[in-house]
Every structure is written in structure tokens, then in C-alpha cells.
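Before any comments, here is the structure.
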Amino acid sequence: MIDIKNLSYSYPLSKKRALNDINLTATEGDLVLITGSSGSGKSTLLYCLNGLIPHIFSGSLSGDIKVAGIEPKTISISEMARKAGTVFQNPEYHIFMPTVREDIEFGCRNIGLGEEIIVSNLNRASLDMGLNSLLDRETGELSAGEKQRLAIAGIYAVGPRILLFDEPSTNLDAQGKRSFREIIKKLKDSSYTIVLIEHDTDLFEDIATCKYVMEEGELKKISSIEHGSYRDKVTYEHHHDDTIVIEARDISYGYDSKTRLFNSLSIDIKKREVVAFVGGNGSGKTTFFKLIMGIISPQKGYIRAGGRLIRSINDSAGTIGLLFQNPDEQLFASTVKEEILLGPQQLNKKCDYEKIMARFDLKKYENSHPHTLSKGERQKVAFASIAVTRPEIIMLDEPTTGLDEKSWSSLMDYTCSLVKDGVTILFSTHNMKVADRYAKRIITLDKGKAIGA
Amino acid sequence: MKYQKIDTVIHKLNPFAKLSYSIVISVLVVLLKTPSQLFFLATVTFCILLLARPNFTRLKLLMYALGMVVMATSISQAFFYYFEPKTILLTVVDKNTPVIGTITGGIYLYKEGIVYGLVQSLRILSVMFMATTVVISTHPSQMIMALNKIRIPRELSFIIATSIRFLPHMIEDTKRIWTAIKLKGFKLNNVSNSFKAFKYVLSPLIINSLRQARLVALAAEVRGYSFSSASAKKRNSLLKFNTLELVIISFFVILLYVAILPFKMGLSKIPFIHAFFFSIPFTCILLIGIRMVPRMGTTTLIILGHSLFTQVISRGINPLWWPYAIAETAILEAYFAIAKDYLKSRHSFIIAGILRGFVVYLYFYFVASPYIWHKFYAPWYIALQTFQGTLGSALGGLIAYKVSKSVEEAYKYGGI
């Protein structure tokens, strides 16, 4: 079904080869698992398989590529979609129509299938993806897992025998990941050919027929996936004191009067603690962080942090630093230097600019535009711009999402090194490996309760 | 106002019928003249609104907003009433006062003006009742289907549909970025700080939008929805935009809507300098959008797209708003075509800003206001409003220049 020989590609205006001499074959019922660090060329390979290269991305392409017996460059992208369907990382971007039914039909209509075929494909896709009871629901109201299944259903309904997935489990919680794994297994068993790019390889390792790692544009076949060097739980020299830095008392919060996300929740966090917040999508991890920051206010109860009663953002700015799940949303300036100095200027705080640049190894990017750096580096700049204001508490919202293990370990290592300076750290994550390795305490949020608080 | 999911006679009507209803009311608003005709029109549209069973809290809000409109109209017309005879109720500035009196010819409050204002505000009331009826009873996607039936260009309907789809997403992103700037320690308690914060916020907002636009465009392509493919190129269209360009344009349509949200929520109550504040974010985002897709047709798609999009989701399809968009589009497209320059330099940003501000406000005071709404203003007031609207637009152009330089740098070095 897939036959690639000596494929090389470089993007326009780039001298570096994004793909270098790739060879890959796959037949019916194969599940090809590809891993590798961010920016190594995994997505580029998918673009070659679905025809985005060369139809959308020009650049220089050489070698042979056949997908379902056809060279992608000879037919249009929409014709290619009937042979090989692609599901990208964020299902949000895949959904175009207001209801589930219309969205599944969307792709079928675009490629010009007849009404009868559309109806039967819709039924098959919604049944196989477990969406048959949700057909009339509005797409905006779906949960993360349902959106993911809808994204797959929309591609699947068109009828390709090859399915390509680009980091599909990134936005899913543990339960979502398990049900996604079941879908993949079912597809494989119905002899679909699947190419799966994934950071979280544990999930699929046992059902994969072959495994590859992408390194700097080179695809290497491997027999088993190396899990980095296994690292023990981080040990901290400094134990936490008895001073309570965050005191959340009898917090009740709900988005509307009917549903309560939290009902008299109380959590105390001591100075120098490192606390991981875990729990499924919608369990309220991000909401809890927003409450601590004063971005939203509880309907009942109060929060004290860093010795202050938190009523609005003004009470927490400077005392608590928050690293967003998407750090790009907190990079404002046009150079890294300006970015780092912005917070101290606004908060009238002194800062040791040189020290922070050295500590985060950012001196070489001083005059670069923060948005031109790689994702891991952008996160580092965002983090440094928070650390430079010397907050007493640092919170990280899903810091590992979309990053490979090397990138997130380096972020977590320097975050947790701040404990010795007396900083208290809170982070939320889906990834139990991160929680186990770095947290002194794990709090599980579930149905409005905090287990471990 | 937003769509309400309930079941009424009005909800069951064909969207096409509702589109026709909007057009009929718009025409009547322009044609009807006497107080009794206008009163009749307002009563009928209000009764039809009640048939669509508006939610009580929303109705209360609407009534409050309408109360403000009626008050503002009657007060402004009380000052600017120019028919005879007229009785002076109150003298604010005597015409013999040095300087101000000479410029303004005196500012007086006329009794007949109040009555005139009350009668004329019935036009606005009728339009608002009609618009609310249509918006709360028609799902946006139904309205798009109706628009497709009257054969609006496929590009425009794609832009409106994409904008509706990604609006909630973009509102969330915008809120988070505003939170992030506040966390940096920005206090938005004075004008200069707010400006600075606005400038900083635009950069991540636009860079993120462009990144997302790329992903959305790729997803559209792999789902077979393409403006780039060979079959699409054969279509008889002057515009020939590719999918990515259209998604970028859609995102700017949403950003324009998001930028004016604060004005709907209370800032519009700032008397006199409203035109100035309103023009800055609007012009700024519009011009950055044009800079990102620098070619003929972009201006048209962003402005018409924005106009139709806001009508579909909140104002009701209404031909009375179209001439604004057309005037603005015409002047900017003409400027870009003649200057052969799609915002390459600072001065073209400022000229474009000045042109749009000037044309939009002149259109309002010399065409829309006297001929549609039958409201009149003194020359000094028109000059003052047009001046500050134009000034705000020029300033918006300047900010747009600075931000787009930063965004393009990110673009050039592979950040997007």
C-alpha cells in the first residue's frame, strides 16, 4: 500500500534536507509507528504521503513514492484523500460544520460522492467511531475525545484504505488515549494500513507491526523503542517548610448555577512543595489554576496565596507565575531581550538579566524574535520571562503537551531546580511519568474532589 | 443577540422568507415618512419579534439598549434640530460667546427637536426589532445556506462559515492573551498603558492566528475542500484566492469582530470621543489583515466578510449596513490599485487609515444619517466627529505598521 524509495525533500528557501533518503514499505493491516523529536521531519513525511507535498508545499522532492499504487503528485489532494486519509494533531482544526452529521458528510460532499453513498458512509463511519448517538449534536459542544473521534470519522467516511495520524493522542487524557488505542486496533484488524506518528509510544508499541525513529530527516527502523535513559524519581535536597503558601478554603465554583465543578474544595500547599495535579479532561485542573491566579473568582470560599487574599489578577501578578499550556500566548515582544525585561519593567522589580540569560542558555537568541524559535525554546523563553520576576509560586499548565521527552525533561529539570531558592511549584499533567518523577505530592482532581490534598 | 434554540412559528419559517422580511423592512424604513407610519412599522416589527419568543433577560437587555438609543437620538436631535418653527428650551452656548459661539453658531436645546428625535428613533427601533427576530430564530448555518441560494461568491460564504466555526475558539484565545499581558504586570487603568498593552497583545494574537490558519487550511485541503486545486482554478472567479489565504482572511474577519466587542459592552457609552477609540482597533486589524494577504480583493473580502458575518450572527442581514462596507472597500481598493502598493511602507499604512476613516464618517453624516435615519447634525459637530474618527484611523494605521513589521519578521525567519 505504501512504497517509498530513496525519498528526499527540502522545503523552499531551506538548504537543509527535511527528509533524507527515506525508505519505507507497508502493506494491508500494517501499523507503522514513527517517533522522534519535534522538528525531526515526521510531519513532513506525512505531507509527502497525502500529497500536500508537492501540491501545497513546493521545494525539491526526489526519489519514488507510491501510495495505494499511485504517485501523489499525479492526482489532486482531494482525490488523494480517497486513498489516504490524514488526521492532524488538533481535531479542533478538522471540524468545519455546525453538527456532527454535517461534518461527517462534509468530506464526502467535497469529493463529490452521490447522496446514497454519502448516507451509507455516514452510517458506517458514525457506527464504527461510536458517534451514532451524537449525530445531531453541535460540534462545539463535544468533549476532546468525541472531537477526536469525529475528526477520524470525517476522514474515514470518505473511504480511504490508508490512514495517517499526526500525534493524535496529544490532547487526550488517559481514558481518551485508551479508547483511541481501541479504535486504532480495530482499524488495523480490519486490514487498514496505518501510519501513526506519536510521542507517547507506550500506548501503541505492542500493536505496531514495525517501528521507526526519525532523526534529523533520517528514518531508522528499530526493533524496540528506547525510552530515553530511565530516570529515577528526582530527589530534593530541600524539604518543604511548614509555611502555607497557598490556602484554598471551601471553594465552590461552577460555570453555571446547575453544574458545580468544585464543591467546598480545600487544598493547602506548603512552601517548597512540588505538587502535580492530575485528572481527566474537564476535571478542573486548569480551572483550579485560574482560581489561584485570580483570573476567575470562586462563588464561595477564598484563596490566599503568597500571603495575600486573591481577588483579581492584580493580587497575583508578580507573586505567582503561570506558564500557559500554549506558551506562544505569552510572548509579546519582538526580541527575546525585550521579552525577558518586560515583566520586571511593568512590575517595577529589579532583575538580574545576565544571570537569567546564562541560566537558560538564551544569550545566543538575545536579539531574535521569540516566535522564530522552536517550540521547546519558545517555552523556555516564556518560562524565563516568568522566572526573571522571581515569583514565590510557579504554576505550569500541561507543560509536557506536544513536547518530546528530552524537551520536557529539560524544562522540568530547571523548573524544579528553583525549589532550592524557596519557590513552590504546581503543575498539571496527563503524563503520569512526569508526575511520578518530579512531584513531591500528587493531587488527583475527580468529580469536584481533590484526592491527596 | 444570538440564536435561540426553541420552536416557534418564526423559527419554522424558511430562512429565505426571513431574508426577504429583512429587505422589505429595510426598504420601508427608508420610504416611510410620517410619525403614524413609523409608529405602525415599529409596532408590527415588535409584534413579530414577540412571536419568535425572545428570552426574557435578553429582551430586557434589548429594551435597555433601545432606551439608550432613543434617548441619544432625541437628545442629539434636540440640539441639532434645524426645521422651523423652533422654541429654545435651554441655552448651552450663546451664539454671541466668543470663539465657541462663532464656530458653532450657538448651541441650543429645542423643544421640537426632542419630539422629532423620538419619532425618528422609531426607524432604528423597527430595524432592531426586525434584526433581533431574524437572528434569534435562524441558525447561522441556515442563513449561510439562504445566502448561498442567492449566489453570493463561494469565497465569501467560505469566509463566513469558517468565521462562525472558529469564533468561540478565537474569543477564548484572545481572553487568554489579555490575561497573559495582565499577568506581566500591565495595569490597564490609564489610556497610555492600555494602548501599550493593546500593541503588545496584537503580536501573539496575530502570529497565533496565522499559525492556526495554516493548520486549518491544511486540514481543509486533506478533507477535499480546496480553492487551490486544478478544478477550482477553472472556476470563473476574478479573485482566485487559495485556501490558506481565505482562512487567514476569515481569521481577520473574526479578529475585527472580537476587537469591537468591548465597544458593544459599554465603551460605546463614552460620549464624543467614541469615534476615536472605535477607529483605532478596527483600522489596525483591518490593515494588518490586508498586509498579510497583500493583493487585490483582500480588502473587499475582509470588509464585506466582516459586514455579513456580524449580520449573520448578531445584527440580522440588513441591506442598510451594506453601503458603509462598499464605500470603505471602494476607497481602499482604489487607493491600493492606483498606488500599486499593498501597505509596503509606513506612509501607505497611514494614508490608508486616513482614507477609510474619512470616507466612512463622511458617508455616515452626509448620506446615511440624513437620508436613511433622518437625523441631522450641525456642521461643526460633523467636522469634529469626522476629524477624530480619521485621527483614530490614522493612529490605528500606525500601530498596524509597527505590529505587522514584527509579525513579518517572525514570518520571514520561519516562526509561522
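Observations
- The number of residues in region B:183-204 that are in a helix (DSSP H, G or I) and more than 8 Å from chain A (Cβ to nearest Cβ) comes to 10.
- Only one entry of B:349, B:309 meets the criterion of being crowded, with 21+ Cβ neighbours inside 10 Å and modelled with pLDDT of 95 or more, and that entry is B:349.
- Residues satisfying the stated conditions in region A:44-67, i.e. assigned to a helix (DSSP H, G or I), touching a strand residue (DSSP E or B) at 6+ places or on another chain (Cβ under 7 Å) and buried (at least 20 other Cβ atoms within 10 Å of the Cβ): A:44, A:45, A:46, A:48, A:49, A:50, A:53
- Selection status of residue A:136, in contact (Cβ under 8 Å) with a residue 24 or more places away in the chain, surrounded by fewer than 20 Cβ atoms within 10 Å (Cβ to Cβ) and touching a strand residue (DSSP E or B) at 6+ places or on another chain (Cβ under 8 Å): yes
- Residue check for residue B:255: more than 11 Å from chain A (Cβ to nearest Cβ), within 26 Å of residue B:296 (Cβ to Cβ), in contact with a helix residue (DSSP H, G or I) (Cβ under 7 Å, 6 or more places away or on another chain) and modelled with pLDDT of 90 or more: yes
- Flag if residue A:450 is small (Gly, Ala, Ser), in contact (Cβ under 8 Å) with a residue 12 or more places away in the chain and either assigned to a loop (DSSP other than H, G, I, E, B) or within 22 Å of residue A:241 (Cβ to Cβ) (or both): yes
- Identity of the residue in region A:360-373, farther than 25 Å from residue B:209 by Cα and surrounded by 15 or more Cβ atoms within 10 Å (Cβ to Cβ), that ends up nearest to the other protein chains (Cβ to nearest Cβ): A:362
- Residue check for residue B:92: without any contact (Cβ under 8 Å) to a residue 24 or more places away in the chain and at positive phi: no
- Where residue B:129 falls short, out of the listed (1) more than 10 Å from chain A (Cβ to nearest Cβ); (2) under 19 Å from residue A:343 (Cβ atoms); (3) crowded, with 20+ Cβ neighbours inside 10 Å: (2)
- Of B:43, B:57, B:138, all but one fail to be hydroxyl-bearing (Ser, Thr, Tyr) and buried (at least 21 other Cβ atoms within 10 Å of the Cβ); the exception is B:138.
- Entry remark, region A:1-11: residues being within 29 Å of the chain's Cα centre (by Cα) and more than 16 Å from residue A:217 (Cβ to Cβ) number 1 in total.
- Filtering region A:305-338 to residues that are crowded, with 19+ Cβ neighbours inside 10 Å, touching a Ser or Thr at 6+ places or on another chain (Cβ under 8 Å) and more than 26 Å from residue B:169 (Cα to Cα) leaves A:305, A:310, A:318, A:336.
- Per the conditions (1) without any contact (Cβ under 8 Å) to a residue 40 or more places away in the chain; (2) surrounded by 15 or more Cβ atoms within 10 Å (Cβ to Cβ), the sole criterion not satisfied by residue A:170 is (1).
- Residue count for region B:144-172 satisfying the condition of being of a type outside the set (A, V, I, L, M) and surrounded by fewer than 19 Cβ atoms within 10 Å (Cβ to Cβ): 9.
- So residue B:97, is it β-branched (Val, Ile, Thr) and assigned to a loop (DSSP other than H, G, I, E, B): yes
Per-residue answers, yes or no, for (1) within 12 Å of chain B (Cβ to nearest Cβ); (2) at pLDDT below 95; (3) surrounded by fewer than 22 Cβ atoms within 10 Å (Cβ to Cβ); (4) closer than 22 Å to residue A:157 by Cβ:
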| position | (1), (2), (3), (4) |
| --- | --- |
| A:16 | yes, yes, yes, no |
| A:20 | no, yes, yes, no |
| A:39 | yes, yes, yes, no |
| A:94 | yes, yes, no, yes |
| A:100 | no, yes, no, yes |
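- Test result for residue B:180, more than 10 Å from every other protein chain (Cβ to nearest Cβ) and either over 18 Å from residue B:260 (Cα atoms) or touching a Gly at 6+ places or on another chain (Cβ under 8 Å) (or both): no
- Here B:76, B:121, B:157, B:126 are screened, and the one residue that is under 30 Å from residue B:246 (Cα atoms) and of a type outside the set (Lys, Arg) is B:157.
- Verdict on residue B:207 being facing another protein chain (nearest Cβ under 9 Å), farther than 30 Å from residue A:84 by Cβ and surrounded by 20 or more Cβ atoms within 10 Å (Cβ to Cβ): yes
- Residue match in region B:136-159 (condition: touching a Gly at 6+ places or on another chain (Cβ under 7 Å), part of a helix (DSSP H, G or I) and within 14 Å of another protein chain (Cβ to nearest Cβ)): yes
- Members of region A:201-213 found to be assigned to a helix (DSSP H, G or I) and buried (at least 18 other Cβ atoms within 10 Å of the Cβ), listed by number: A:201, A:203
- Being acidic (Asp, Glu), surrounded by 19 or more Cβ atoms within 10 Å (Cβ to Cβ) and free of Cβ contacts under 8 Å to residues at least 40 places away in the same chain holds for only one residue in A:182, A:146, A:141, A:198, and it is A:146.
- Looking across region B:315-342, the residues that are under 23 Å from residue B:3 (Cβ atoms) and buried (at least 17 other Cβ atoms within 10 Å of the Cβ) come down to B:315, B:316, B:317, B:318, B:320, B:321, B:325.
- Within region A:68-87, restricting attention to residues that are more than 10 Å from chain B (Cβ to nearest Cβ), surrounded by 15 or more Cβ atoms within 10 Å (Cβ to Cβ) and not β-branched (Val, Ile, Thr), the residue that is nearest to residue A:217 (Cα to Cα) is A:72.
Each row is one residue, and each column tells you yes or no for (1) over 27 Å from residue A:197 (Cα atoms); (2) of a type in the set (Lys, Arg); (3) at the interface with chain B (Cβ under 10 Å from one of its Cβ atoms); (4) buried (at least 21 other Cβ atoms within 10 Å of the Cβ).
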residue: A:377; (1), (2), (3), (4): no, no, no, no
residue: A:380; (1), (2), (3), (4): no, yes, no, yes
residue: A:387; (1), (2), (3), (4): yes, no, no, yes
residue: A:393; (1), (2), (3), (4): yes, no, no, yes
residue: A:400; (1), (2), (3), (4): no, no, no, yes
residue: A:409; (1), (2), (3), (4): no, no, no, no
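- Residues satisfying the stated conditions in region B:37-64, i.e. free of Cβ contacts under 8 Å to residues at least 12 places away in the same chain and not β-branched (Val, Ile, Thr): B:37, B:40, B:47, B:50, B:56, B:59, B:60, B:61, B:63, B:64
- Matching option when the condition is away from every other protein chain (no Cβ under 14 Å) and either touching a residue at least 40 places away in the same chain (Cβ under 8 Å) or surrounded by fewer than 22 Cβ atoms within 10 Å (Cβ to Cβ) (or both), among B:372, B:399: B:372
The values are calculated or read from the model by the stated rules, or taken from the named source; none is laboratory data. Here the structure is a predicted model, which means the values were calculated and not measured. Because the Cβ atoms are built from the backbone with ideal geometry, glycine has one as well, and the counts that use them run over all protein chains shown.
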